[in-house]
Amino acid sequence: MTLRSEGWSVQPSFSPHGPTSPVTLLLDDAGFTQLAGQPAVAWQTPWSEVAQLRLVRRRRGTTIVMLVAGTLYQWRRDGALGPEESTELAALLGAHGGREAPRLRRAGALVVALVVTLASFGGYFASLASPARATSSAQLRALEAVNLNAGDVSSTWGASDSVNSSALQLILTPPGEVLTLTTDTTAPPADSPYALAAFHFQRCLGVSNVDDRVFGQAGQEPLYQVASPIFSSSSFGGVQVESVAQYYPNLADVAADQSEMSRGDFSRCFVEAEADELVGASGSLTPDLRGATVLSLHPFVKGWVRAASEAVSLPLAGLAHVDLVIVVEVSGHYEVTLAALVGSLSSARATLANLVNAQMLRVTSTPASAA
């Protein structure tokens, strides 16, 4: 089978300052060829050199993600493909180890990047994400203000809106992106990193899938979800941090989520499940991490916060030994997840506590009428 597909763009470029659009893809049983720019420059890659091949088909467009020679590349094409071309593309990629991302659950992270999920506050009977309509609503402005911002970190830290800038994109919503979420009932494959993480979490917490509001069928949808940029520094052996904030119009939904997340083992079970998903999406087949440490990172600001860390190894992302830190904050209409990858957690602990305090202060002080 051979497929020629036009109208793509690629990030990053295949050579320094090389063309990123327009891109034509030629795919056959031997490999794929990219024709980029005008006049076209060709790059040929055999399937044997491709890893982490993923396909994402959405109403807004189609995304192909693959790892080649240690670099993560992402091809995008706006708008839906024709039925025949879409079917042929899925078949060709699937024949060479490609996996198609399931429809989003309400955490909304299966949009781009390495097409796995946030695993925060929502079941897989969940969501199809789309960019939020242009709005000046107080709800959305308040939600965006809850997230981490440049004022929360030192001026020496960097900030990025690139989906390829951090391994956190294995589990988080694309940085800077605002999503509205609508119901979709497509479940993820049983062997997907998300499904394995869900199994770990539900086994650990002792909750059935049908009753689970975090990974399972009982999860509810936020009205809006927005992610911060990814902030990073070389301090503390390297640190990357991002937050994702969600707004729920119905306070009962937040209360029900908080009830499940208030169970004693939640923070430990949650970070272990997220670490499973992170490691599984980065190449390991069946991780089952069980070494979580519960953290206290909010000594100054009162509010509902749960935090824990888990040691992970992500060699394909250049991170041999790091800690994944997950912090969940809840107040009023808001549910917020802060995630960090850090080389030396003991050195970074005070800084992470300051970030949690700054964010929790905004979460708890934003009036419901403004949101």
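The values are calculated or read from the model by the stated rules, or taken from the named source; none is laboratory data. Bear in mind the structure is a predicted one, so any value in this text is a computation, not a measurement. Counting neighbours? That spans all protein chains shown, and the Cβs are built from the backbone with ideal geometry, glycine included. When the accessible area is computed, the model is the full protein with side chains, heavy atoms only, and any ligands, DNA or RNA have been set aside. Shrake-Rupley method; radii C 1.70, N 1.55, O 1.52, S 1.80 Å.
Restricting to the range 60-71, and then to whatever is touching a strand residue (DSSP E or B) at 6+ places or on another chain (Cβ under 7 Å) and either within 15 Å of residue 12 (Cα to Cα) or modelled with pLDDT of 85 or more (or both), can you tell me which residue is surrounded by the fewest Cβ atoms within 10 Å (Cβ to Cβ)? Looking at residues that are touching a strand residue (DSSP E or B) at 6+ places or on another chain (Cβ under 7 Å) and either within 15 Å of residue 12 (Cα to Cα) or modelled with pLDDT of 85 or more (or both), I get 68. Sub-7 Å Cβ pairs linking a first residue in the range 23-37 that is farther than 14 Å from residue 2 by Cβ and open to solvent by 10 Å² or more (accessible area, probe 1.4 Å) to a second residue that is of a type in the set (D, E, K, R) and modelled with pLDDT of 95 or more, at least 6 apart or interchain, number zero.
The residue pairs whose first member lies in the range 213-233 and is under 22 Å from residue 162 (Cβ atoms) and open to solvent by 10 Å² or more (accessible area, probe 1.4 Å), whose second member is part of a strand (DSSP E or B) and not aliphatic (A, V, I, L, M), and whose beta carbons are closer than 8 Å, counting only pairs six or more residues apart or on different chains, are 229/160; 229/242; 232/158; 232/160; 232/240; 233/158. Restricting the range 337-368 to residues that are open to solvent by 30 Å² or more (accessible area, probe 1.4 Å) and of a type outside the set (Gly, Ala, Ser), which is farthest from the chain's Cα centre (by Cα)? Looking at residues that are open to solvent by 30 Å² or more (accessible area, probe 1.4 Å) and of a type outside the set (Gly, Ala, Ser), I get 367.
Checking the structure you have, find out if any residue of the range 305-328 is among the charged types (D, E, K, R), open to solvent by 50 Å² or more (accessible area, probe 1.4 Å) and not in a strand (DSSP E or B). Break it down stepwise before answering.
Kept after step one, since they are among the charged types (D, E, K, R), are these residues of the range 305-328: 306, 310, 323.
Next, only the ones that are open to solvent by 50 Å² or more (accessible area, probe 1.4 Å) stay: 306.
If we keep only those that are not in a strand (DSSP E or B) as well, we get none.
No: zero hits.
Does residue 78 satisfy the condition of being touching a residue at least 12 places away in the same chain (Cβ under 8 Å), closer than 23 Å to residue 162 by Cα and loosely packed, with under 13 Cβ neighbours inside 10 Å? Steps first, answer last, please.
Working: touching a residue at least 12 places away in the same chain (Cβ under 8 Å): yes; closer than 23 Å to residue 162 by Cα: yes; loosely packed, with under 13 Cβ neighbours inside 10 Å: yes.
Answer is yes for this residue.
Evaluating residue 18 against the criteria (1) in a strand (DSSP E or B); (2) open to solvent by less than 30 Å² (accessible area, probe 1.4 Å) leaves one unmet condition, (1).
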